[in-house]
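Novice: Okay, here's the structure, questions in a sec.
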Amino acid sequence: MNIPSLTFLDFQPVLPALLLAVGGIVLLLTEVFQSAATINRAYQSMVALAFSAVAGAVAAATTLEPAREVFLGFGVSDPFSGAVTVLVCVGLGLSVLVSAGFLRHRNAERGEFYALLLFAGAGMSLLAMSNEFITLFINLEVMSVSTYALSAWLRRGTRPSEAGFKYFILGAFSAAILVYGASLLYGATGTTKLSELAGLLPAAVASNPGLTYLGAGLVAVGLAFKVAAVPFHMWTPDVYEGAPTPVSALMSAGVKATAFASLVRVFLPFAQDLGPNHAQLMTYAFAALALLTMVVGNLMALPQRNVKRMLAYSSVAHAGYLLLGVAALFARPTGGEGPLAVTPLLAGAEGAARQQTLQAILFYLLAYTVTSLGSFGALAALERREDEPRGTAWDLEKFAGLSQRKPGWALAMAAMMLSLGGIPPTVGFMGKLFIFRAAVDAGLVWLAVAGVLASAAGVYYYLRVVVYMYMRPSQDGVTVPERQWTTELALVLSTAAVVLLGVAPGTLSAWLGKASVLFSQ
Amino acid sequence: MTPLAPYLPIAAVLGVAGVLAVAISAIATFLGPKRFDPVKFDTFECGNEPIGSARQRFAVKFYVVALLFIVFDVEAVFLYPWAVNFKALGWFGYMEMVVFAATVVVGLIYVWKKGALELES
């Protein structure tokens with residue numbers, strides 16, 4: 001009998017996730033134990049915010065520790081996972097702030113909502129650390145099941161149930177595909193641990209090529225569903241539209257960020273250990289996915305007059321830019337190895353180049369997290385209750401003349417739109433700069449050019465919102481919901497982050513550079 | 001296909017099971033006597049006379065009870081291997097199990113206070 005010896009100290013690396021889970025349990029219990037006579041739920045968002053803040057601070061500390069295996073190699077604790085957890089906690093905190101006002105306005109504020117948000121956050125944090133397929137699957141499900149329930153939170157009406165159902169059915173389907181792929185990889189290599197998989201892959205490819213390729217492909221498809229890459233993006237607009245706006249924000253930021261983290265963690269060994277031919281194959285596969293996602297996402301967003309759907313398609317497009325970064329990560333700029341090797345500058349500095357690319361991906365994830373939360377937050381502040389007929393609740397006309405009615409909200413939304421479009425001086429510009437530079441350094445010049453062209457198309461529909469806010473007269477009889485201080489605080493924070501990080505990204509990008517270390521044998 | 005070789009007995013058992021299932025129902029269909037009467041065509045209700053239709057709406061509460069049952073069932077499944085290795089796992093294992101059981105109990109308390117266990121209300 002082989003019984004592993006663990007101690008309580010071994011749980012220290014998962015402290016952020018534990019804190020989030022405990023916060024969720026506290027919220028569940030206080031919700032059912034408070035007396036019905038004096039019901040006041042204002043404390044709930046503050047409790048959720050406090051737990052996210054503490055978890056984020058603890059995770060930030062782990063980015064300074066060296067990378068190591070935890071739980072017998074089922075997970076890893078490395079600066080990268082710490083940085084992703086910090087991103088998740090930033091997203092959680094902003095989402096909680098937006099939710100407080102949003103739910104109060106709809107009389108739908110309950111402890112369970114915040115509890116589900118925190119449970120989803122715990123799943124995300126653990127997913128970023130998962131280094132084994134079964135662990136990865138369980139944490140993916142913890143994250144997904146919470147978001148399925150959250151997307152149908154506003155039960156009245158057909159749209160939330162449509163969103164919940166679509167997300168649940170397609171999410172379950174994609175998770176099944178991922179598990180099937182993992183089982184094929186297990187069949188080919190005899191291990192589910194990613195750290196052991198790396199060493200066994202070359203032999204598996206030699207003896208069982210079909211099994212290995214199919215398994216890897218299915219795992220990639222399962223994760224591509226979660227990041228909403230084209231052609232696995234069909235659910236995105238409907239789900240983001242039907243879900244409560246703060247939840248759409250968290251889905252576009254947190255779920256996507258962690259899915260990208262595990263995409264990198266699972267597939268980097270493939271590119272590293274299978275030789276240059278396979279690295280090239282994977283680079284082209286992910287480059288094709290990135291190209292498709294960028295182009296289709298931006299083109300589909302062009303005709304949307306419904307701002308929430310537009311933001312959903314824009315999140316598809318941003319997944320494309322991130323996939324471009326992932327493709328650049330897999331390209332090996334080592335010189336003399338086929339068409340990818342065009343930068344002799346980086347020859348022999350592969351590790352440094354890889355770290356720089358990871359840094360670009362992390363920076364882009366951070367930029368997208370604050371910008372997406374801010375733009376969905378501005379939408380949540382403006383949006384009236386869902387009793388309006390389909391399509392009108394988030395119509396562009398709602399933004400007409402916003403600069404006169406609510407200059408502060410209009411300014412925040414304008415900053416977010418500029419950042420999503422990648423226009424200086426915003427963080428979105430810096431993110432795009434870093435990620436396109438990484439792609440060019442990796443020899444994917446054509447893809448970077450395609451990305452720049454696609455994002456130029458994106459500027460049209462982002463700026464259209466700004467034009468409506470500042471240059472169109474306000475419609476008669478349009479009312480805006482009352483102000484909620486929590487939502488406005490979220491807007492102030494995200495606008496400040498977008499502008500400050502756009503002007504002076506140095507400190508943060510240096511920190512992310514130190515955090516761009518993945519565990520490796 | 002050497003890695004799949006150990007699974008050959010399972011494939012054999014599956015094959016035998018399939019053949020047996022088809023054979024038994026085929027033999028019964030071809031050789032069995034066929035005498036029908038109205039009672040035989042009626043719904044089988046464990047020997048009782050059926051009352052009304054079975055196609056009606058059931059309260060969602062029953063599903064909550066079923067879900068809770070599964071949760072505690074799975075908890076029991078996890079308790080068995082722990083109980084077998086109780087001595088080897090020591091106090092750490094004991095505390096682990098306490099935390100695990102406490103989490104499930106917290107869920108039960110939540111469901112209880114929420115009123116999901118009250119079938120009549």
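The values are calculated or read from the model by the stated rules, or taken from the named source; none is laboratory data. From a predicted model like this one, the values you see are computed outputs, not experimental measurements. Heads up, the Cβs are rebuilt from the backbone with ideal geometry, glycines too, and the neighbour counts pull from every protein chain shown.
Novice: Pairs needed: first member in segment A:32-44, farther than 17 Å from A:VAL98 by Cβ; second member anywhere, outside any loop (DSSP other than H, G, I, E, B) and modelled with pLDDT of 85 or more; C-beta distance under 7 Å; at least 6 residues apart or different chains.
Specialist: A:VAL32/B:TYR110; A:VAL32/B:LYS113; A:VAL32/B:LYS114; A:PHE33/B:LYS113
Novice: Can you tell me which residues in segment A:290-300 are of a type outside the set (Ser, Thr, Tyr) and either buried (at least 24 other Cβ atoms within 10 Å of the Cβ) or touching a His at 6+ places or on another chain (Cβ under 9 Å) (or both)?
Specialist: Result: A:ALA290, A:MET294, A:VAL296, A:GLY297, A:ASN298, A:MET300.
Novice: OK, next. Return yes or no: is A:LEU20 touching a Phe, Trp or Tyr at 6+ places or on another chain (Cβ under 7 Å) and of a type outside the set (D, E, K, R)?
Specialist: The answer is yes for A:LEU20.
Novice: On to the next question. Would you check if there is a residue in segment A:209-219 being under 20 Å from A:SER520 (Cα atoms) and part of a helix (DSSP H, G or I)?
Specialist: Yes - at least one qualifying residue is present in segment A:209-219.
Novice: Just the residues that are among the hydrophobic types (A, V, I, L, M, F, W, C), modelled with pLDDT under 85 and farther than 18 Å from A:ARG309 by Cβ, please, taken from segment A:365-409.
Specialist: Across segment A:365-409, there are no qualifying residues.
Novice: Now for a separate question. Do you know which residues across segment A:39-93 are in contact with a Cys (Cβ under 8 Å, 6 or more places away or on another chain) and surrounded by 18 or more Cβ atoms within 10 Å (Cβ to Cβ)?
Specialist: The answer is A:SER52, A:ALA55, A:GLY56, A:ALA59.
Novice: Turning to a different aspect of this structure: Can you go through B:LEU4, B:LEU8 and tell me which one is at pLDDT below 95, under 30 Å from A:SER207 (Cα atoms), more than 14 Å from chain A (Cβ to nearest Cβ) and part of a helix (DSSP H, G or I)?
Specialist: B:LEU8
Novice: Based on what the data block shows, is A:THR189 surrounded by 17 or more Cβ atoms within 10 Å (Cβ to Cβ), within 13 Å of chain B (Cβ to nearest Cβ) and either free of Cβ contacts under 8 Å to residues at least 24 places away in the same chain or among the aromatic types (Phe, Trp, Tyr) (or both)?
Specialist: Taking the combined requirement at face value, the residue satisfies it.
Novice: Take the conditions touching a residue at least 24 places away in the same chain (Cβ under 8 Å) and not basic (Lys, Arg) and apply them to A:ALA456. Does it pass?
Specialist: no
Novice: So, one more: Name the residue, out of B:ALA59, B:ALA54, B:ALA116, B:ALA76, that is among the aliphatic types (A, V, I, L, M) and part of a helix (DSSP H, G or I).
Specialist: Exactly one of B:ALA59, B:ALA54, B:ALA116, B:ALA76 is among the aliphatic types (A, V, I, L, M) and part of a helix (DSSP H, G or I), namely B:ALA76.
Novice: Let me ask you something else. What number of residues in segment A:27-40 are more than 10 Å from every other protein chain (Cβ to nearest Cβ) and either at pLDDT 95 or above or in contact with an Asp or Glu (Cβ under 8 Å, 6 or more places away or on another chain) (or both)?
Specialist: 1
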